[in-house]
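The values are calculated or read from the model by the stated rules, or taken from the named source; none is laboratory data. Since the model is a prediction, treat every value here as computed from it, not as a measurement. Note that each Cβ is placed from the backbone with ideal geometry, even for glycine, and that neighbours are counted across all protein chains shown. Calculation scope for accessible area: heavy atoms of the full protein, side chains included, ligands and nucleic acids excluded. Shrake-Rupley method; radii C 1.70, N 1.55, O 1.52, S 1.80 Å.
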2 protein chains.
Amino acid sequence: MDMTGERAERALWRALSAQRDGAGPPRLGAALRYAVFPGGARIRPRLTIAVATALGDPEPRLTDAAAAAIELIHSASLVHDDLPCFDDADLRRGRQTLHKAFDEPTAVLTGDALIVMASQVLARARSAHPARVLEMIATLADASGYPAGIAAGQAWESEKNVAVGVYHRAKTASLFEAACELGALSAGAEPDAVAAWRLVGEHLGRAYQVADDLADATSSASELGKDVGRDHANRRPNTFDRLGVAGSVERIERLLLAAADAIPACAAREAMRRWLLDTSLGVFKLREAPTLEAEEQSRFG
Amino acid sequence: MDMTGERAERALWRALSAQRDGAGPPRLGAALRYAVFPGGARIRPRLTIAVATALGDPEPRLTDAAAAAIELIHSASLVHDDLPCFDDADLRRGRQTLHKAFDEPTAVLTGDALIVMASQVLARARSAHPARVLEMIATLADASGYPAGIAAGQAWESEKNVAVGVYHRAKTASLFEAACELGALSAGAEPDAVAAWRLVGEHLGRAYQVADDLADATSSASELGKDVGRDHANRRPNTFDRLGVAGSVERIERLLLAAADAIPACAAREAMRRWLLDTSLGVFKLREAPTLEAEEQSRFG
């Protein structure tokens with residue numbers, strides 16, 4: 001049975017509970033919880049947990065801290081991206097965006113505090129390998145900031161000349177890469193293996209970006225629980241305008257298989273492969289996708 | 001001769017240069033430099049360097065990383081606090097605020113990227129003591145986020161019921177405390193000594209808050225290089241409304257002497273004491289303050 005979702009949820013609860021000493025400004029405290037709970041698919045922290053588990057997960061508390069940190073950064077980026085000066089979104093995860101439910105100052109500070117909390121959670125994780133934890137903090141920071149993390153990805157939207165690959169890698173793939181790297185680092189993987197796992201995250205992140213563009217163009221707000229049509233309205237470079245529905249589905253499946261194929265040799269490789277495909281197809285709601293099923297059967301049937 | 005200012009400046013250049021790989025969005029890259037250079041008094045990173053120096057500074061590169069990290073967090077808070085949804089300020093350090101010179105999205109992302117960079121700089125610092133570096137990252141995070149860091153301090157401004165001491169400690173003193181703690185930690189100080197140095201930062205931070213409130217109420221924008229009168233206009237709890245000019249000056253001097261007196265025993269205690277008083281009085285432009293001079297003479301004359 002797949003426990004990654006429950007474990008990610010528990011790790012996030014622990015991370016936020018550690019902050020609640022009763023002395024903070026109550027409104028910001030409530031906003032931090034609103035930003036993180038209830039969550040979306042939690043795919044990034046689940047990925048961290050799955051990778052660490054595939055490698056034996058010798059330091060589960062460190063893995064939990066990494067999973068929480070990844071999702072805190074993701075949550076921060078959603079809160080800031082929804083702000084009036086960016087997407088000016090009304091709806092997120094089926095309810096009001098944070099700046100609508102609270103106010104704009106609280107939304108800015110919530111994002112800031114969540115970014116801070118991510119490094120805090122990792123820095124305070126009990127580990128027998130402090131140098132490894134430092135590498136994890138640096139890896140997550142690389143995926144979050146400038147020049148190639150998600151803040152940089154969001155900033156590419158303000159640039160006139162944008163290579164869509166660079167933009168999407170920074171905005172989306174970087175955090176999927178970090179999710180895999182952090183899982184591998186927590187398990188004590190060597191640099192070569194960490195780099196190999198990073199590649200899994202890169203393919204998967206690209207698949208998620210295509211799926212996100214597809215959903216933005218073809219789903220309703222009530223289906224997704226967030227505002228739709230923003231990419232097109234804001235004339236952002238996006239894969240859907242180029243690929244259409246069928247092309248997008250095919251691209252997603254191809255990238256998913258590339259991610260699965262990139263999983264490095266390890267005892268649990270086949271289980272990890274199935275987890276990755278099943279979980280991603282579930283999140284994409286593409287479980288019935290005929291192309292992929294056929295290709296999978298020709299490999300494993 | 002006091003080299004803390006030059007050293008802080010060099011440490012910040014190194015930190016920002018490490019990020020410039022040419023692959024990032026150029027506008028955000030320019031905004032990051034705009035947010036950090038030219039700086040203000042750099043009092044926080046200079047404090048980190050001074051404390052480490054007073055303790056022998058065995059890992060100068062780690063001290064530099066800590067000094068840079070402290071100032072990056074401070075710079076991030078200035079950029080976000082100047083935003084339209086907070087102070088809506090036009091002027092900072094004698095020129096346009098970042099969101100005026102660039103735009104609001106870039107200002108939000110600049111703050112985010114600077115917060116990320118602070119943990120990045122520390123996590124990548126070469127040190128023989130990784131556990132110590134983790135403690136430094138956690139200490140800086142505590143001073144930056146929720147429940148008692150500067151983000152929490154800023155959030156107190158949205159609350160109806162605010163204890164001014166709690167608000168000022170989070171908004172201003174927390175980063176002065178961290179500046180001292182990081183200097184002591186870099187030098188390998190034991191927890192008791194780190195806590196003692198924290199107290200120096202707390203007194204000093206409180207002195208800076210009173211001086212800031214005084215300047216906001218009594219100086220012109222051209223003198224300060226930033227918008228003035230915001231505390232009063234926004235009805236923020238501030239010390240000036242209660243203390244007036246003479247009372248504020250007396251309070252500043254008393255807190256400065258408390259900070260100086262709190263310096264723990266160490267070989268360079270007297271030099272550190274002079275540095276702290278001279279530097280602070282210079283920054284406050286209170287060098288001629290008669291009360292303090294008289295008190296100092298009665299002690300050292």
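Overview of values
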| quantity | calculated |
| --- | --- |
| Cα gyration tensor, the stretch A:125-269 - rounded (a/c under 1.5), prolate or oblate | prolate |
| Using a 7 Å Cα-to-Cβ projection, A:Ser17 label spacings across copies, nm, ascending | 4.7 |
| Position B:Glu250, label points 7 Å along Cα→Cβ, spacing to each other copy in nm (shortest first, one decimal) | 8.3 |
| Inter-chain Cβ neighbour average for residues B:26-35, partner chain, 10 Å | 3 |
| D_trans [Stokes-Einstein, Kirkwood Rh over alpha-carbon pairs] for the stretch A:145-206, 25 °C, 0.890 mPa s, µm² s⁻¹ | 207 µm²/s |
| Calculated [θ] (222 nm, deg cm²/dmol) that DSSP helices of n ≥ 4 give over chain A, each run adding -39,500 (n - 2.57) | -22000 deg cm²/dmol |
| Span-rule helices in chain A, defined as complete DSSP H runs reaching 24 Å or more along the axis (Cα) with Kyte mean at least -0.5 | A:60-81, A:104-123, A:191-218, A:239-261 |
| Rounded, prolate or oblate (a/c below 1.5 giving rounded, otherwise prolate when a/b exceeds b/c) for the stretch A:4-300 by Cα gyration tensor | oblate |
| Whole-Å semi-axes of the ellipsoid equivalent to the stretch A:179-264 (Cα gyration tensor, √5λ, descending) | 30, 14, 10 |
| For the protein assembly as shown: lysine pairs under 20 Å (alpha-carbon distance), excluding those fewer than 8 apart on one chain | 10 |
| Net charge dipole size for the stretch B:169-219 [Lys, Arg +1 and Asp, Glu -1 on Cβ; Debye, nearest 20] | 60 debye |
| Nitroxide proxy distance, nm - points 7 Å out along Cα→Cβ at B:Asp278 and B:Met3 | 1.5 nm |
| Estimated dipole of the stretch B:4-300 in Debye, rounded to 20 [Cβ of Lys and Arg +1, of Asp and Glu -1, Cα centre] | 560 debye |
| Spread of Cα-to-Cα distances over 10 Å intervals beginning at zero, given as percent, for the stretch B:1-75 | 19, 50, 24, 7, 0 |
| Estimated FRET transfer efficiency when R0 is 35 angstrom, pair B:Ala41-A:Arg10 (beta carbons, to 0.05) | 0.20 |
| Shortest-first nm distances, B:Ala233 label point to equivalent points in other copies (7 Å, Cα→Cβ) | 3.2 |
| Convex hull per residue volume in Å³, alpha carbons only, for the protein assembly as shown | 139 Å³ |
| Choice from A:Leu83, A:Leu114, A:Leu182 showing the highest fluctuation, given a GNM over chain A with Cα pairs closer than 10 Å | A:Leu83 |
| Cα-based equivalent ellipsoid of the stretch A:41-80: semi-axis lengths in Å, sorted from largest, via gyration tensor | 21, 10, 5 |
| Selected from A:Val245, A:Val51, A:Val36 as most flexible by GNM, with chain A as the system and alpha-carbon contacts under 10 Å | A:Val245 |
| Accessible area per residue in Å² at 1.4 Å probe, computed on the protein assembly as shown | 39 Å² |
| Portion, in percent, of the accessible area of chain B that falls on carbon or sulfur, probe 1.4 Å | 52 percent |
| Cβ neighbours within 10 Å from other chains - mean over A:149-161 | 6 |
| Reciprocal of mean inverse Cα separation for the stretch B:50-151 (Kirkwood radius, Å) | 14.7 Å |
| Using a Förster distance of 60 Å, the FRET efficiency for A:Ala163-B:Ala221 (Cβ separation, nearest 0.05) | 0.90 |
| Relative packing of B:276-282, B:115-121, A:228-234, which averages over residues the other C-beta atoms within 10 Å, highest first | B:115-121, B:276-282, A:228-234 |
| Distance (nanometres) between label positions extended 7 Å along Cα→Cβ at A:Ala23 and B:Ala195 | 1.3 nm |
| 1.4 Å probe, heavy atoms, protein only - residues of the stretch B:95-127 losing at least 20 Å² accessible area vs chain alone | B:Glu104, B:Pro105, B:Val108, B:Leu109, B:Asp112, B:Ala113, B:Ile115, B:Val116, B:Ser119, B:Gln120, B:Ala123, B:Arg124 |
| Accessible area of B:Arg14 in the full protein assembly, 1.4 Å probe (Å², nearest 10) | 90 Å² |
| Buried solvent-accessible surface, both chains (B, A), 1.4 Å probe, Å² to nearest 100 | 4400 Å² |
